[in-house]
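Here the structure is laid out as structure tokens; the discussion comes afterwards.
The values are calculated or read from the model by the stated rules, or taken from the named source; none is laboratory data. Please read all numbers here as calculations on a predicted model, not as lab measurements. As a convention, Cβ positions derive from the backbone with ideal geometry for all residues, glycine included, and neighbour counts pool all protein chains shown.
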Amino acid sequence: MITDDLDPDDWEAFRGLCHAMLDEAIDHVRDVRDRPVWQPVPEAVKAAFTEPLPAEAQGLEAVCGDFRDHVLPYATGNIHPRFFGWVHGTGTPGGILAELLTATMNANVGGRDHGAVYVERQVVGWFRDLFGFPATTSGLLVSGTSIATLIALAVARNKHGDGKVRHDGLGKTASLTAYTSAEAHNSVAKAFELLGLGRAALRAVPVDEAYRMDLAALDQAIQADRAAGHRPFAVIGTAGTVNTGAVDDLAAIADIAKTQGLWYHVDGAFGALAALSPTLQPLLAGIEAAQSVAFDFHKWLHVPYDAACILIRDGDAHLAAFSSREEYLAAAPRGLAGGDPWYCEYGPELSRGFRALKVWFTLKEHGSARIGRTIEKNCQQAVYLGQLVDAHPTLERLAPIALNIVCFRYVVAGADVETLNRLNQEIVMDLQEQGTAAPSTTTLGGMTAIRVNITNHRSRQDDVDLLVDAVVAIGDGLCRETPS
């Protein structure tokens, strides 16, 4: 008879190894400024990942050694204070402990009556209240805003498809159309693909000079679709675009959605959490009128990846879009099978991790006011960076600063756009490979921009100074190597 289990043979040796690895993890975060922001993975390290599936035990100590040598040194770098690329959260030391305890419980939060469910309900309730949603609101923690948006639009499709789409398929739903900014995240279009509506059903509305949705163009697009026999059903506003951090006029969009009878969804992946700052909260006026809001905890709340939330104002519509209980998931009036409704009835997943614990830990450890101050600090740092760019003769800002993102480029008098685009791409790659800083690039008006996103509680003003000095030094050096 096979008698193996997967527990340690020596619990005290296991305890010692865990303590040692925890010490290394804490040192890794504590000493983050002493390392490059990012470094490429050497070919020899890549080769280590070509070994076949291990049939025999290698032992936990050996596995920890492989992690130490081949994984940990080659991270994305987003915990570093000069990681300025994309919109990645930074994490906190307390998050390490929260993840350890989450793994200890190993809870499936798809349903049933247990403590993890109540933690998630409390987290959902906190953010329902933050955004001014009613008590009827339902919510769900998911992996990211991409999935949160998919769930929200599935509810909207179900409601506007006469409630029959789950059984009958698209049917009349095929004529549904929706509207979002041309600057909206690509996950919105992906949601339309996955829901069977097709990317063509999503209208990309032009933006104004501040990269916000053009409201006149939105109204015209809706009227044109109605005249053509389509069925407008949703409008998606953005609270913080990824390119520039622009915040659509959420209140005005809410009015249009109400007048036109449209589902109003807000993609607030990182920008929605500006509501934690009393100074920034007015930028989000109108978010309280949305039918649904999607946002990430792993960005400006700094919980470890991954954790996000979807809030649906009409909890009954949310339940109607996903609820399905087979006999093996039958409810009970008491016992472990109690706790109705189950979270699996609000989304596609029956197996769900305990994401809420790290969110709960973060908010209880630091408090919403302190986190709000770090968000406000990042926006102030973006304004400071914009001032440095505007004052420098070889730098040019390419977009207004709405929140925490600054887009600019290094310029050379007389150089054409193509030359400047190549030059700025080279500057960013050099910055990354040097390990000095890690901004990203984007394209605005055909021009390659050095895009600096400051979503990092560790970033300081001197990090911004260092970035500008490095951009100018690299740009000057590249120009000396290849004079125009």
Val411: more than 28 Å from Lys299 (Cβ to Cβ), touching an Asp or Glu at 6+ places or on another chain (Cβ under 7 Å) and among the hydrophobic types (A, V, I, L, M, F, W, C), yes or no?
yes
Only one of (1) more than 18 Å from the chain's Cα centre (by Cα); (2) surrounded by 17 or more Cβ atoms within 10 Å (Cβ to Cβ); (3) more than 22 Å from Arg157 (Cβ to Cβ) is not met by Arg355, so which one is it?
(1)
Is it the case that some residue within segment 258-279 is closer than 30 Å to Thr441 by Cα and surrounded by fewer than 16 Cβ atoms within 10 Å (Cβ to Cβ)?
yes
Looking at segment 175-204 only, could you name the residues that are of a type in the set (A, V, I, L, M, F, W, C), part of a loop (DSSP other than H, G, I, E, B) and within 17 Å of Phe295 (Cα to Cα)?
Ala184
When you scan segment 347-459 for strands (runs of 3 or more DSSP E) that lie fully inside it, which ones turn up with 1 or more residues that are more than 30 Å from Arg121 (Cα to Cα) and basic (Lys, Arg)?
395-397, 405-410, 447-453
Can you pull out the residues in segment 169-205 that are within 15 Å of Arg226 (Cα to Cα), in contact (Cβ under 8 Å) with a residue 24 or more places away in the chain and either surrounded by fewer than 19 Cβ atoms within 10 Å (Cβ to Cβ) or charged (D, E, K, R) (or both)?
Lys172, Ser175, Arg203
What are the residue pairs meeting all of these: first residue in segment 357-383, first residue closer than 26 Å to Val452 by Cβ and at pLDDT 95 or above, second residue among the polar types (S, T, N, Q) and surrounded by fewer than 21 Cβ atoms within 10 Å (Cβ to Cβ), Cβ atoms under 8 Å, and 6 or more apart or on different chains?
Glu376/Thr279; Gln381/Gln461
Picking from Leu329, Leu301, the residue that is within 22 Å of Arg458 (Cα to Cα), in contact with a Leu (Cβ under 9 Å, 6 or more places away or on another chain) and either buried (at least 17 other Cβ atoms within 10 Å of the Cβ) or of a type in the set (A, V, I, L, M) (or both) would be Leu301
Going by what's in this entry, would Val242 be described as part of a loop (DSSP other than H, G, I, E, B), within 26 Å of Val406 (Cα to Cα), touching a residue at least 60 places away in the same chain (Cβ under 8 Å) and under 20 Å from the mean Cα position of the chain (by Cα)?
yes
